[in-house]
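Reviewing the structure listed below.
Every number in this text was worked out from the coordinates using simple rules, so none of it is lab data. Just so it is clear, the structure is predicted and the values come from calculations on it, not from any experiment. Every residue, glycine as well, gets a Cβ built from its backbone with ideal geometry; the counts of neighbours run over all protein chains shown.
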Number of protein chains: 2
Amino acid sequence: MNNFEFSNPVKISFGKGAIARLPHLIPKGSKVLFIYGGGSIRKNGIYAQVQEALKDFDVLEFSGIEANPHYETCMKAVDLVKKENRDFLLAVGGGSVIDATKFIASAVYFEGDPWNILLKGEAIKKAMPLGVVLTLSATGSEMNERAVISRVETQEKLAFSSPLIFPQFAVQDPEMTYSLPPRQVANGVVDSFIHVIEQYLTYPVDAKVQDYTAEGLLKTIHDEGLKVLKDPHNYDIRANLMWAATNALNCWIGQGVPQDWSSHRMGYSLTALFGLDHAQTLAILLPGVMTYMQKEKWAKILRLGEVVFRITEGTEEERVRKTIGATEHFFREMGLKTRLNEFGIGEKDLDALVEPVKRMGWKLGEHHNIDWKVAREIFTLRL
Amino acid sequence: MNNFEFSNPVKISFGKGAIARLPHLIPKGSKVLFIYGGGSIRKNGIYAQVQEALKDFDVLEFSGIEANPHYETCMKAVDLVKKENRDFLLAVGGGSVIDATKFIASAVYFEGDPWNILLKGEAIKKAMPLGVVLTLSATGSEMNERAVISRVETQEKLAFSSPLIFPQFAVQDPEMTYSLPPRQVANGVVDSFIHVIEQYLTYPVDAKVQDYTAEGLLKTIHDEGLKVLKDPHNYDIRANLMWAATNALNCWIGQGVPQDWSSHRMGYSLTALFGLDHAQTLAILLPGVMTYMQKEKWAKILRLGEVVFRITEGTEEERVRKTIGATEHFFREMGLKTRLNEFGIGEKDLDALVEPVKRMGWKLGEHHNIDWKVAREIFTLRL
């Protein structure tokens with residue numbers, strides 16, 4: 001096991017009716033900015049539930065946070081916070097709304113150009129307190145200190161992290177996910193599955209607690225994921241998926257072990273250039289990373305096959321091949337596509353797709369051996 | 001899955017040489033009270049390492065915390081804290097030293113008789129900040145908000161909990177456990193194994209993340225536990241056991257699921273009256289609880305047998321019986337005893353042993369169906 005230092009102070013309020021806890025979780029007398037995305041929370045009743053829970057607070061709203069939230073939109077919220085003296089941010093939504101809220105919380109106090117938090121990784125020294133009402137289970141952002149923001153103007157998508165942006169709390173009621181469109185549910189399943197994979201499918205360092213826990217999350221997300229679209233109002237399935245997605249990226253399973261994240265970093269340009277959903281980019285790229293890096297990931301691919309896909313027959317070579325196939329098949333069963341050509345993306349687009357890896361000089365993966373040339377070969381495998 | 005609300009803010013600094021982080025983890029300018037047990041840390045070099053790490057702080061020492069720490073000893077430390085204006089408590093030791101430190105941190109500010117924190121469960125409103133250097137891996141106290149204190153005068157052993165007594169940090173270097181006596185190591189293995197059992201071996205509520213994680217911890221503690229006494233300087237074994245013991249009782253696996261804790265509560269009197277080690281009391285009582293409550297715990301005993309002890313053959317009745325036997329056998333392999341008569345405790349002692357359950361009116365177990373009469377039958381099974 002490798003050395004690590006970590007803490008995660010987020011308070012989780014989980015279960016049916018957890019929204020009733022909201023007024024007790026926000027500090028009394030707070031001037032709240034209630035941040036959300038589009039109109040879906042007005043249709044499914046969550047907006048009304050939040051309004052009711054906030055009735056004793058001074059509340060303003062900011063809506064219109066996009067999927068892959070825009071820097072430009074966040075900066076409008078920053079202006080509103082300053083103008084209206086808000087002192088608490090409440091994110092009501094999924095990963096995009098939460099990530100945007102984390103950036104807003106950071107940019108408000110930042111001296112200098114807030115874009116440098118993302119572009120240059122400049123450290124923030126202070127952030128506004130924030131809380132979450134989770135409506136979409138996928139990114140784990142409700143219980144971590146990370147955020148990903150896109151800039152429309154420059155077609156960039158960049159991440160930052162700071163212990164100052166841990167939410168103070170996350171209200172997680174699985175029933176709030178009943179009315180989500182199937183595509184968002186499927187994306188959440190694949191996204192959270194691959195979050196675990198990025199921290200698990202590397203090379204063994206004999207970290208038994210982390211490996212067993214990761215395998216439990218993968219089994220849960222796989223098995224419940226295959227059921228959820230057929231049985232969308234099943235509380236236990238929703239609860240297991242929601243809690244698994246949170247644990248997939250609350251960063252504990254990644255402590256003391258190598259991490260990959262190459263599928264994530266390579267996938268950003270597929271979203272920026274072609275507008276693919278984040279999970280969709282991962283479903284395309286992960287089988288490529290597994291194929292290209294199979295020698296490096298050999299032992300863990302064999303374990304993944306055995307534990308999650310029950311692949312125990314055949315030579316090691318056969319089991320590795322079958323496991324990569326089963327992983328791609330799982331994403332297709334969830335309704336996602338797994339090839340670039342299914343989106344009309346071809347050979348001609350490869351240079352543009354690896355351009356960020358080249359420009360940023362990234363060496364991706366747990367061995368730091370995926371430069372832009374290797375990335376191009378991995379993209380090529382997924383044509 | 002049941003509803004829950006929980007957070008755990010403890011910062012873990014884990015790995016070889018983690019002691020070097022100590023001066024950065026304690027707030028600058030703190031007036032530290034360095035609290036420890038007996039002389040073992042002077043012999044194994046940990047005392048010197050802590051002294052070196054604290055060289056820029058104003059430090060006083062308080063030693064002599066006992067196993068099953070005494071209220072009377074803690075109150076002497078409380079006097080010292082007040083007299084010498086200490087503002088930070090550093091516990092260097094295992095569960096006993098940490099639990100004592102948590103109680104000291106609470107009693108310093110308590111208005112009224114501090115014994116009532118334990119006896120009447122009176123809530124504390126403030127506690128001193130505390131940190132931990134862990135030298136013995138067992139109780140999980142380094143990452144939770146609980147403590148157990150004994151009062152010599154009245155032969156009582158009582159627990160309390162409060163979010164205010166979470167340590168601010170725990171420094172966990174697996175190498176610090178190399179020189180522990182085998183009996184303490186074995187006790188730690190059994191104690192942490194049973195901590196998981198208390199939160200796992202109840203009845204299923206379809207909480208997949210919690211169950212898989214608990215099973216991973218049980219496998220880790222079982223498999224590494226059987227190796228550690230033969231290979232005491234193996235870093236990976238020590239690291240896996242240390243991290244498993246922390247996760248066994250940092251309270252996350254117990255969120256959203258029923259919990260038992262009857263073996264713990266019944267075992268207190270074995271320590272108070274006969275001086276048995278805490279883990280030793282659990283090794284005796286758990287097989288009794290499993291036998292008496294097998295109908296209630298049926299499905300989970302079958303899973304425990306399959307996952308941890310690889311018991312997959314035979315009828316359900318046979319597998320349940322074998323699993324209870326394998327559990328007791330594991331404790332004996334670790335060198336613990338599992339019968340009351342091995343300590344000269346017999347029929348004549350039963351009334352005294354269940355007296356606390358009777359006096360406190362406890363209804364123990366996940367179904368609250370273990371009163372003093374049932375407790376007496378469980379003790380009888382363990383004669």
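The Rg/Rh ratio for the protein assembly as shown, using Cα coordinates for both the radius of gyration and the Kirkwood hydrodynamic radius, is 0.97. In the protein assembly as shown, the DSSP-assigned H stretches of four residues or longer account for a calculated mean residue ellipticity at 222 nm of -15000 deg cm²/dmol, using -39500 (n - 2.57) per stretch and the full residue count as denominator. Placing a label point 7 Å from Cα along the Cα-to-Cβ axis, B:Tyr203 is separated from the same position in the other copies by 4.9 nm, shortest listed first. Per-residue Karplus couplings for region B:59-66, computed as 6.51 cos²θ - 1.76 cosθ + 1.60 with θ equal to phi - 60°, are listed in order as 10, 10, 10, 9, 10, x, 5, 8 Hz, Gly and Pro entered as x. Looking only at the protein assembly as shown, where both bridge partners belong to it, what percent of the DSSP beta bridges are antiparallel (to the nearest 5)? Antiparallel bridges make up about 30 percent of those DSSP assigns within the protein assembly as shown.
For the peptides A:64-70, A:83-89, B:243-249, B:195-201, the ranking by mean Cβ contacts within 10 Å, running from highest to lowest, is B:243-249, B:195-201, A:64-70, A:83-89.
Distances longer than 23 Å among the Cα atoms of region A:182-381: what percent of all pairs is that? Of the Cα pairs, 42 percent sit more than 23 Å apart.
For the segment B:209-219, counting C-beta atoms of other chains within 10 Å of every residue's C-beta and taking the mean gives 6. Taking amide H as placed 1.01 Å from N in the peptide plane, A:Glu156 has its amide H under 5 Å from the amide H of A:Arg151, each at least 5 places away in sequence or on another chain. Convex hull volume of the C-alpha atoms in chain A, normalised per residue: 131 Å³. With axes computed from alpha carbons, what is the tilt in degrees of helix A:294-309 against the longest principal axis of chain A, rounded to the nearest 10 within 0 to 90? The answer is roughly 70 degrees. Using only Cα atoms and rounding to the nearest 10 degrees, what angle (0 to 90) does helix A:235-248 make with the longest principal axis of chain A? Result, in degrees: 80. Annotation: amide H-H contacts under 5 Å for B:Asp58 (H modelled 1.01 Å from N, sequence separation of 5 or more, or interchain): B:Val32.
Given region A:95-227 reduced to its alpha-carbon atoms as identical point scatterers, what log10 I(q)/I(0) does the Debye formula return at q = 0.09, 0.14, 0.15 Å⁻¹? Taken in order of the listed q values, log10 I(q)/I(0) reads -0.33, -0.77, -0.86.
DSSP assigns beta bridges within chain B; of those with both partners inside it, close to 25 percent run antiparallel.
Were the residues from B:Val205 through B:Tyr235 laid out at 0.36 nm apart, the gain over their Cα-Cα distance would be 7.2 nm. Counted by neighbouring Cβ atoms within 10 Å, the residues A:Met143, A:Met334 run from fewest to most as A:Met334, A:Met143. Dividing the radius of gyration of the alpha carbons in region B:25-104 by their Kirkwood radius gives 0.94 for Rg/Rh. Computed from backbone phi, the HN-Hα couplings of region A:138-154 come to 6, 8, x, 4, 4, 10, 9, 10, 10, 7, 10, 10, 10, 10, 4, 3, 10 Hz, rounded to whole numbers (Karplus: 6.51 cos²θ - 1.76 cosθ + 1.60, θ = phi - 60°; Gly and Pro given as x). Reported value for region A:325-382: 99 Å³ per residue, from the convex hull of its C-alpha atoms.
Positive-end ranking of A:Phe274, B:Ala326, B:Thr213 along the dipole of the protein assembly as shown, with charges on Cβ about the Cα centre, is headed by A:Phe274.
Given region A:287-375, what whole percent of its Cα pairs are spread farther than 22 Å? Of the Cα pairs, 42 percent sit more than 22 Å apart.
Here the chain B residue lying nearest the rotation axis onto A, judged by its C-beta and given with the distance in whole angstrom, is B:Pro9, 2. Annotation: amide H-H contacts under 5 Å for A:Ala207 (H modelled 1.01 Å from N, sequence separation of 5 or more, or interchain): none. Ordered by the number of other Cβ atoms lying within 10 Å of each residue's own Cβ, fewest first, A:Lys295, A:Lys126 fall into the sequence A:Lys295, A:Lys126.
Shown for B:Pro182: label points 7 Å from Cα along the beta-carbon vector, and their distances to the equivalent points in the other copies, 6.2 nm in ascending order.
The order of the peptides A:283-293, A:172-182 by mean Cβ neighbours within 10 Å, most packed first, is A:283-293, A:172-182. Each other copy holds its own label point for A:Glu52; taking that point as 7 Å from Cα along Cα to Cβ, the gaps run 6.2 nm, nearest first. Scaling against 2.2 N^0.38 Å puts the C-alpha radius of gyration of region A:11-176 at 0.95. Between 0 and 90 degrees, the angle of helix A:71-83 with respect to the longest Cα principal axis of chain A falls at about 20 degrees.
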